[in-house]
Amino acid sequence: MGSPLVRGGLTIGAGIVTGNIIGFVRVALTAYLLGTHSQADSLAVAVGPLDALNSVLINTMVFAFVPMLTARQGADRTVLFLKLSQWFAWLFSLLTLAIVVSAPWLIAVLAPGLDPRYYHTSVTILRIAAFSIMAAGSAAINCALLYTDRRFAPFAFYQACLNVFTVAGAVSLWRVLGVYGFAIGYTAGAWTQFAVVHFCARAGLETRNLPPLKVHWREILGRPLAVSLYAVSLAANIVFTRAWATHIGPGMAAALDYCMRGVGVPLAFLVSPISNSLLPEIARLRSQLRLREAFRLIDRTLVLAALAAVAGCGVALALRQPAIAILFQRGNFTAESTSLVSTVFLSLAPSLIGWSLLELTGRALFALDRPALALCASFIPVLVNVALTLWLHSWQPQLIGLGASAGFMAGFLALIAAAHASRKRWMVAQF
């Protein structure tokens, strides 16, 4: 308990437990109101990719700037944080505007097989939820400062806040605005969490008599560019699978999103507590030229994560049908919906293993300031997914997630092999 790695992991783990308990309520409410019909697809294809984009922004800000902020102290750290907040607030605003304007074209790309009757519904949902981007990205910069000081609690409950407000928005606005209540609640939750972390990060921050910024703008923009490319390419694996699912039939995109809850929950437990608290420790070991200790820490983490991922995948596959029925089978989510979702889950569940190990390895390499290998490996999952999916060209629900699962595992195996082959060179290069 005296270890900051353990304390940080437990704090983030508590947030993940809370967030996912409420997340099940959110998904159960979606299942009850929308089932596996085309209206559920319209929500899934709009909020799903946007949720992935917000995760990309959060991971980018945290994993690009925690090492940079950690390397500085006092006023130098403060001035860097303030500049990051200012510059990226403009960037997130422009990104939001771009998505709002291009929403009709984005939905055509993200959901080419969506029922035309629900096309405009999906466009409107995307536009409403797009305003969460400014909040999520700006909150992540504040989160980076908090993580630097080992203050994990304020941002640990981000997902819980998001889910609470999504549920509240859906329940309170269902009779008036229908499915749009989900998007309104989602956006309100993102802005509420931003207010919390903004207050915590700025409290007690000395902003007077600050020195000039000593970091070149190319370094500030270059770091998040590499991390964002890494995160976007990983997210594209599931985005492609969801887009392909819309071709197979009504409700398939929604079924895939319900399955993602079964993958996303254990993935969050495996990746977020470990990586978010591991990142500052690896960054410190690297700055102290203690790479051998950093490698041992990474290896032990991957072994434990692999055992947990394989066990979790096996349990999930064995209990998938009764678990889905217990959690979701009510209202518009019928026994037929349970059968469909459990069938889709067959091929998607193994993605947990490769996805979690690839994420942990990639994030560790970013903390070691060795992003090139992680960035190259991040393109492998979606390339394997596209190639395998188009080669099979299957319309069977049980094969929807096969390409995604195979892609993540291929990416991890390639990355871990390349990283081990490069360790001796990295050890020599540090001296």
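The values are calculated or read from the model by the stated rules, or taken from the named source; none is laboratory data. Source: prediction; values computed, not measured. For neighbour counting, all protein chains shown are included, and Cβ atoms are generated from backbone atoms with ideal geometry for every residue, glycine included.
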Exercise. Out of all the residues in the stretch 30-46, which are surrounded by 24 or more Cβ atoms within 10 Å (Cβ to Cβ) and either part of a helix (DSSP H, G or I) or of a type in the set (A, V, I, L, M, F, W, C) (or both)?
Worked result: 30, 31, 34, 40, 41, 42, 43, 44, 45, 46
Exercise. For the stretch 320-364, how many residues meet the condition of being within 14 Å of residue 309 (Cβ to Cβ) and among the aromatic types (Phe, Trp, Tyr)?
Worked result: 1
Seminar exercise, completed: Taking the stretch 319-350 and the residues there that are not in a helix (DSSP H, G or I) and not small (Gly, Ala, Ser), the one that is surrounded by the most Cβ atoms within 10 Å (Cβ to Cβ) would be 333
Problem set entry | Filtered residues of the stretch 349-360 (kept if modelled with pLDDT of 90 or more and in contact with a Leu (Cβ under 7 Å, 6 or more places away or on another chain)) | 349, 352, 355, 356, 357, 358
For this session: Among the candidates 60, 11, 36, single out the residue that is of a type outside the set (A, V, I, L, M), more than 30 Å from residue 339 (Cβ to Cβ) and at pLDDT 80 or above.
Result: 60
Problem set entry | Filter result for residue 175 (modelled with pLDDT under 95, surrounded by fewer than 20 Cβ atoms within 10 Å (Cβ to Cβ) and either in contact with a Pro (Cβ under 7 Å, 6 or more places away or on another chain) or within 23 Å of residue 64 (Cβ to Cβ) (or both)) | no
Exercise. In the stretch 107-127, what residues are of a type in the set (A, V, I, L, M, F, W, C) and free of Cβ contacts under 8 Å to residues at least 24 places away in the same chain?
Worked result: 108
Problem set entry | Some residue of the stretch 153-160 being outside any helix (DSSP H, G or I) and either touching a His at 6+ places or on another chain (Cβ under 6 Å) or on the phi > 0 side of the Ramachandran plot (or both) | no
For this session: Out of the residues in the stretch 351-366 that are hydrophobic (A, V, I, L, M, F, W, C) and more than 9 Å from residue 271 (Cβ to Cβ), state the one that is surrounded by the most Cβ atoms within 10 Å (Cβ to Cβ).
Result: 358
Exercise. Among the residues of the stretch 294-317, is any of a type in the set (D, E, K, R), surrounded by 18 or more Cβ atoms within 10 Å (Cβ to Cβ) and in a helix (DSSP H, G or I)?
Worked result: no
Problem set entry | Wholly enclosed helices (runs of 4 or more DSSP H) of the stretch 53-149 bearing at least 3 residues buried (at least 24 other Cβ atoms within 10 Å of the Cβ) and under 16 Å from the mean Cα position of the chain (by Cα) | 132-148
Exercise. Among the candidates 219, 206, which residue alone is charged (D, E, K, R) and at pLDDT below 70?
Worked result: 219
